Amino acid sequence: MVFVWNRNNCSGGFSVENHQVQFGTKAVWAGEKDVLVHGASQVPVIVSVAYTYEDMDHWYDVARGKKPGHIYGRNTNPTVQAFEEKVRELEGAEAATSFSTGMAAISNTLYTFLRPGDRVVTIKDTYGGTNKIFTEFLPEMGVEVVLCNTGNHEEMIAEVKKGCKILYLESPTNPTVKITDIERMAKTGKEAGALVVVDNTFATPVNQNPLQLGADLVIHSATKFLGGHADALGGVVCGAKELVEKIYHYREINGATLDPWAAYLLLRGMKTLKLRVKQQEKNAEAIARWLLKQELVEEVFYPGLETHVNHEIAKKQMRGFGGMLSFSLKGGMDAVRILLPKLKYANRAANLGAVETTYGPARTTSHVECTPEERKAVGIAEGLVRISAGIEDTEDLIADLEQAFAHLKEQLEVSAAESGKAGS
Ligand SMILES: *Cc1c(COP(=O)(O)O)cnc(C)c1O
């Protein structure tokens, strides 16, 4: 029996008696029932900032959390709660709370639990913004942060055993899709008394549930795959009620609240989450295998490839390998400059997880704030391109790559011939 939580405990659960409801069904139906009014079949966007009460005692009871209801939009909102409820179901969590962005979810979670003198163990390859919190803001607050080499479990275990308040993981990572064994690290973290937090944005709950692997909290940038249409920002944290209530309290006071319009768009997007992710990973794998065969490609990174360093761990903890991959071109950034503008079915943009296939060089997207030396240190070649596979038909994406690579080859031959001439 799943305990259904929200601030006022007013939301109904989602289950069918004697039957285990599957992911796709939950994605469509979960979380919505209590917010449907006037027989509406679709979730209304309730924009009201405050809620009105005729009975002063009733108001007082709601304000103290004794009765279900809403008081003020910075705290709770029915549309926003429907979004939280849906994600909570999909992650199989006791509780969930939401934020204005993925970074707000991450920063609010860290700031809820960390105090001066605390120690955090994490990996070098966290999302760019998260990495800035670890390298800039937390040290300024007197929190010690240890950045381990991503995928080096022995190093991480040794650091966790020295004691830490939070073990913070992300798997797969951005942009080289490195994998950490979540179950193994969660066990180590728990034994050391740490809170284990996992950013599950890349995997999505379709393919990975960190809470089931032993993590305490799972975070999403809902801006990416959950929303799926690159038209709304949002973030969410799921876990045990006791932990999520603390994070909720931090957020209700500090104010990084999810907007009801954004919550509506994210909710609508989530209905097709499973369908999208399945097509995205079909495309990602096809693109990865096609890229492997290209002579102009140096390396391909995709957890579904047998050549991936941690393919076995990925296979163990993921139900599918997701829609994210990356590759490096032999010609470095000069080759990237020729290749990317030639693609027809591609957004060249900083986002990911959308229905459109999206390409971005690491040095202009995830690692724009790093120096070339820093990028090199985490294995990011200057010619590395991240791909977020969209839901287009696979053949079309491959045909698009074929014509763009043919153009690149031609251009490289022309410039080789020209420099040959210039040299003679
Ligand atoms: C985008 C992203 C974030 C930050 O989310 P925003 O919604 O942009 O604030 C955090 N983690 C990962 C893995 C991301 O891809």
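The values are calculated or read from the model by the stated rules, or taken from the named source; none is laboratory data. Everything quoted here is computed from the prediction, not taken from an experiment. Backbone-built Cβ (ideal geometry, glycine too); neighbour counts: all protein chains shown. Heavy atoms of the whole protein, side chains included, go into the accessibility calculation; ligands, DNA and RNA do not. Shrake-Rupley method; radii C 1.70, N 1.55, O 1.52, S 1.80 Å.
Taking only segment 297-328 into account, find how many residues are under 19 Å from residue 357 (Cα atoms) and open to solvent by less than 10 Å² (accessible area, probe 1.4 Å).
The number of residues fulfilling the criteria is 11.
Scanning for something within 16 Å of the ligand (Cβ to nearest atom), closer than 30 Å to residue 278 by Cα and assigned to a helix (DSSP H, G or I), does segment 382-403 turn up at least one residue?
No.
Regarding segment 329-349, can at least one residue be identified that is open to solvent by less than 20 Å² (accessible area, probe 1.4 Å), under 22 Å from residue 220 (Cα atoms) and touching a Phe, Trp or Tyr at 6+ places or on another chain (Cβ under 7 Å)?
Here is the first cut: in segment 329-349, the residues open to solvent by less than 20 Å² (accessible area, probe 1.4 Å) are 329, 332, 335-336, 339-340, 343, 346.
Checking which are under 22 Å from residue 220 (Cα atoms) leaves us with none.
Looking through segment 329-349, none of the residues is open to solvent by less than 20 Å² (accessible area, probe 1.4 Å), under 22 Å from residue 220 (Cα atoms) and touching a Phe, Trp or Tyr at 6+ places or on another chain (Cβ under 7 Å).
When you look at residue 142, is it open to solvent by less than 60 Å² (accessible area, probe 1.4 Å) and within 20 Å of the chain's Cα centre (by Cα), yes or no? Spell out the reasoning first.
Numbers: open to solvent by less than 60 Å² (accessible area, probe 1.4 Å): yes; within 20 Å of the chain's Cα centre (by Cα): no.
No; evaluated as a whole, the condition is false for this residue.
If I filter segment 118-128 down to residues being open to solvent by 10 Å² or more (accessible area, probe 1.4 Å) and within 22 Å of residue 152 (Cα to Cα), which single residue comes out as farthest from the ligand (Cβ to nearest atom)? Talk me through it step by step, then tell me what you get.
Keep residues of segment 118-128 that are open to solvent by 10 Å² or more (accessible area, probe 1.4 Å), which gives 118-119, 124, 127-128.
Now drop any that are not within 22 Å of residue 152 (Cα to Cα), which leaves 119, 124, 127-128.
Values: 119: 22, 124: 14, 127: 4, 128: 8 Å.
In this case the residue turns out to be 119.
Would you mind finding the one in 252, 242 that is more than 13 Å from residue 98 (Cβ to Cβ) and open to solvent by 20 Å² or more (accessible area, probe 1.4 Å)?
On the way: 252 fails: more than 13 Å from residue 98 (Cβ to Cβ).
Every option except 242 fails the conditions.
Being closer than 21 Å to residue 252 by Cα, away from the ligand (no atom under 16 Å from the Cβ), touching a residue at least 24 places away in the same chain (Cβ under 8 Å) and under 18 Å from the mean Cα position of the chain (by Cα): is that true of residue 115 here? Steps first, please.
Numbers: closer than 21 Å to residue 252 by Cα: yes; away from the ligand (no atom under 16 Å from the Cβ): yes; touching a residue at least 24 places away in the same chain (Cβ under 8 Å): yes; under 18 Å from the mean Cα position of the chain (by Cα): no.
Answer is no for this residue.
For a quick check of your reading of the model, give me the residue pairs whose first member lies in segment 288-307 and is within 10 Å of residue 328 (Cβ to Cβ), whose second is among the hydroxyl-bearing types (Ser, Thr, Tyr), with beta-carbon atoms closer than 7 Å and at least 6 apart or on different chains.
The qualifying pairs are 298/328; 299/328; 301/176; 301/326.
Could you grab me the full set of residues in segment 94-112 that are more than 9 Å from the ligand (Cβ to nearest atom) and either farther than 20 Å from residue 243 by Cβ or of a type in the set (A, V, I, L, M) (or both)?
95, 96, 110
In the set 366, 326, which member is within 16 Å of the ligand (Cβ to nearest atom) and in a loop (DSSP other than H, G, I, E, B)? Spell out how you get there, then give the answer.
Numbers: 326 fails: in a loop (DSSP other than H, G, I, E, B).
Residue meeting the stated conditions: 366.
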